[in-house]
Amino acid sequence: VNFAKALNRFTKEDPTLRVHRDEESAQTIMSGMGELHLDIYIERMKREYKCEVVTGKPQVAYRETITRKAEFAYTHKKQTGGKGQFARVLGFIEPLPADAVEHYEFVDDTSGGTIPREFIPACDKGFKEAVSKGSLIGFPVVGVRVVVNDGAFHAVDSSEQAFKTASIMAFREGYAQAKPTILEPIMKVEVQAPEEFQGAVMGQINQRRGVIIGSENTEGYVIATAEVPLNEMFGYSTDLRSGTQGKGEFTMEFLKYSPVPKAEQEVLMAEYREK
């Protein structure tokens, strides 16, 4: 209760302090003019509202994707007393072209009624549910086309639910074979600082897995443009301040999603398994 009261009062008092809930990560995100700004409010929460808050860097919106085509052939079969469940789904998943507008595409390539028409939407629904949470680290799967080209049904035991379940399991089967990988958001970062701090600026970007795209020197200033993973940008403003005696500044915007390096992927996957 106190936590909500504190946030309510602070956001009313200070329009530069914003708070929202991120549904994907189930975290409360507080954003402001910089890390110092946020630290002050966290301190006030503890002091004035006796709130022990746990803070950390926000959860980055990772994505998962596949890197090659893989086939699936899954039979969902359950026999309990009375009516059972039966559905068989065959096909493949493949990466969508890089310039595709949609992140997910479903293609019904069945013929001859191997899967009755009324069950095709249930297959689509099952695959949609499967891509909403990948099995590497639980983030949505993007850039994937699912093609169903064959199947089988049972006059009594087949149902929408059976085909939905079969599709979810079929996707997982194909996904494991499709060399899945984790993608992370990459930011375009522009840093500006007096020339004498050029070395420090470049060094800090390199330390954060950044790639320097270009730099120019004008009127005693260096302006560097780099591509840096968002996950490495937390705490950067403090570092830049101390590395440039408070004279450096930067802006950043989202640029693209790129594969996470292998070692980093292992760490993310281990953390997810622990959770």
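The values are calculated or read from the model by the stated rules, or taken from the named source; none is laboratory data. All values reported here derive from a predicted model rather than from experimental measurement. Note that each Cβ is placed from the backbone with ideal geometry, even for glycine, and that neighbours are counted across all protein chains shown. Note: areas computed on protein heavy atoms with side chains; ligands, DNA, RNA excluded. Shrake-Rupley method; radii C 1.70, N 1.55, O 1.52, S 1.80 Å.
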- Task: Quote to one decimal, in nm, the extra length available between H154 and Q198 on full extension: 0.36 nm per residue of separation minus the C-alpha distance between them.
- Result: 8.8 nm
- Item | Top positive-direction residue, dipole computed over the chain with Cβ charges, set V260, M30, P194 | M30
- Message: Compute the helix-to-body angle for 160-177: its Cα long axis versus the longest principal axis of the chain, expressed 0 to 90° and rounded to tens.
- Response: 60
- Per the rule of 0.36 nm per residue minus the C-alpha distance, extending E253 to A176 adds in nm 24.4 nm
- So the angle from the long Cα axis of helix 262-274 to the longest Cα principal axis of the chain, reported in degrees to the nearest 10, equals 70
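Report the extension gain between Y272 and K12 in nm, rounded to one decimal, defined as 0.36 nm multiplied by the number of residues separating them, less their alpha carbon distance. Intermediate results must be reported in sequence, preceding the final value.
Working: separation 260, 0.36 × 260 = 93.60 nm, distance 3.68 nm.
My answer for the length gained is 89.9 nm.
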- Item | R172 accessible area, assembled protein chains, probe 1.4 Å, Å² | 130
- Once phi is turned into ³J(HN,Hα) by the Karplus curve 6.51 cos²θ - 1.76 cosθ + 1.60 with θ = phi - 60°, what whole-Hz value does each residue of segment 40-49 show in order, with x for glycine and proline? 4, 5, 5, 4, 5, 4, 5, 6, 8, 10
- Note on the structure: Between the alpha carbon centres of segment 90-140 and segment 141-159 the gap in Å comes to 8
- Task: Can you pull the one-decimal nm distance between simple spin-label points at M33 and F234, each 7 Å off the Cα toward Cβ?
- Result: 2.4
- Message: With angles folded into 0 to 90 degrees, how steeply does helix 120-131 sit against the dominant principal axis of the chain? Use alpha carbons for both and round to 10.
- Response: 30
- Query: If each of V19 and T55 carries a label point 7 Å out from its Cα toward its Cβ, how far apart are those two points in nm?
  - Reply: 1.3
- Message: Using Cα-Cα distances under 8 Å and only pairs 6 or more residues apart, what relative contact order does the chain have, in percent?
- Response: 18
- Message: If you roll a 1.4 angstrom probe over the protein chains with everything in place, what fraction of the accessible area of segment 1-120 belongs to carbon and sulfur, to the nearest %?
- Response: 52
- Taking a quarter of the surface of the Cα convex hull of segment 186-259, what do you get in nm²? 4.4
- Between N217 and A73, Cβ-based FRET efficiency (R0 41 Å, step 0.05) works out to 0.10
- If the cut-off is a Cα-Cα distance under 15 Å, which aspartates and glutamates reach K78, setting aside same-chain residues fewer than 8 apart in sequence? D157, E160
- Would you list V54, V267, V228 from the most to the least accessible area, probe 1.4 Å? V54, V267, V228
- Item | Pairwise Lys count, segment 92-192 - Cα closer than 19 Å, eight or more residues apart or different chains | 5
